[in-house]
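The values are calculated or read from the model by the stated rules, or taken from the named source; none is laboratory data. Worth saying up front: this structure is predicted, and the values here are computed from it rather than measured. No Cβ is skipped: glycine too gets one built from the backbone with ideal geometry, and neighbour counts run over all protein chains shown. The area values use the complete protein model at the heavy-atom level, side chains included, leaving out ligands, DNA and RNA. Shrake-Rupley method; radii C 1.70, N 1.55, O 1.52, S 1.80 Å.
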Amino acid sequence: MTVTRRCLCCVKYLMFIFNLIFWLGGCGLFGVGVWLSFKQAEISALPLSFPSLSAANLLLVAGGITMVTGFLGCLGALKEQRCLLMTFFVILVILVLTEVILAVTVRIYRDELDKSAQNDLLDGMKNYLNDTRLQQSWDSLQKMFKCCGVTNETDWHSVLTDSSGKPIFPASCCLSGDADTCDQRWGEACYEKARTWLLANITSVLVFGICIVIVQLLALVFSMMMYCQIRRAEKYLD
């Protein structure tokens, strides 16, 4: 076996291993997204900009793309086809750039994104009495997180009133669980409570995501190395 062929085999198996890890990582992200979606099935009628719902959808999309890209990389390594390797390299570059841009955008415009999500929720609250699914989602959310309103309990003032025009609250806002005896209500805002819950439970996923990014960068290096080795081997054979 020539030196060029030995180098190609070495890079081939290294790339296969890294892409297998990459594919397994995508399965993990997709699995967490599915778990988060099922866990929040009761609040699925809320706007998708709600923190935990948007996180679930993001994980599903990211996991799906990562699985497909990892499979493509494994196939390209085993088949030793330059076309597949270049396709894998281009997709991975686009994926890494998208991840970086998304991370920077969320970091820079975090306050604006929070404000926009809160406005979406406030607009959605207006249909509380007319939409049964939305009503169930809001009640489930407030019971689940023991909270009231988007930013505070006064958000319900423009939504629910009695015959005299006095603001009232849904039963899910009340500590007693009864709208007729709603003297005490949950004091925390639902948006901030859900955001805090998400950050507390997503830390391990973020660490896992950073590891995936490192694997992506290594996969980029190995795919280009393998592409170059295949070209050398083809020239040698010619």
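Numbers for the structure displayed
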| item | result |
| --- | --- |
| Cα gyration tensor, the stretch 96-238 - rounded (a/c under 1.5), prolate or oblate | prolate |
| Residues whose placed amide H lies under 5 Å from that of L160, excluding near-sequence neighbours | I168 |
| Proximal charge balance of K126 [Cβ under 14 Å; K/R count +1, D/E count -1] | -4 |
| Surface accessible to a 1.4 Å probe, per residue, for the residues of the stretch 54-148, Å² | 57 |
| Extended-chain gain in nm, criterion 0.36 nm per residue less alpha-carbon gap, R107 and M86 | 4.4 nm |
| ³J(HN,Hα) computed for each position of the stretch 211-216 - Karplus, 6.51 cos²θ - 1.76 cosθ + 1.60, integer Hz, glycine/proline x | 4, 5, 4, 4, 4, 4 |
| Violating pairs (Cα-Cα greater than 29 angstrom) within the set K12/K39; K166/K193; K39/K126 | K12/K39 |
| Under Karplus coefficients 6.51, -1.76 and 1.60, residue-wise ³J(HN,Hα) of the stretch 16-27 in Hz, glycine/proline x | 4, 4, 5, 6, 5, 4, 4, 5, 5, x, x, 4 |
| Under 5 Å, built H, 5+ apart or other chain: amide partners of R185 | L175 |
| Protein accessible area in the stretch 26-183, 1.4 Å probe - carbon and sulfur % | 61 |
| Rounded FRET efficiency, nearest 0.05, which uses the C-beta distance separating V100 from Q184 and R0 of 35 Å | 0.15 |
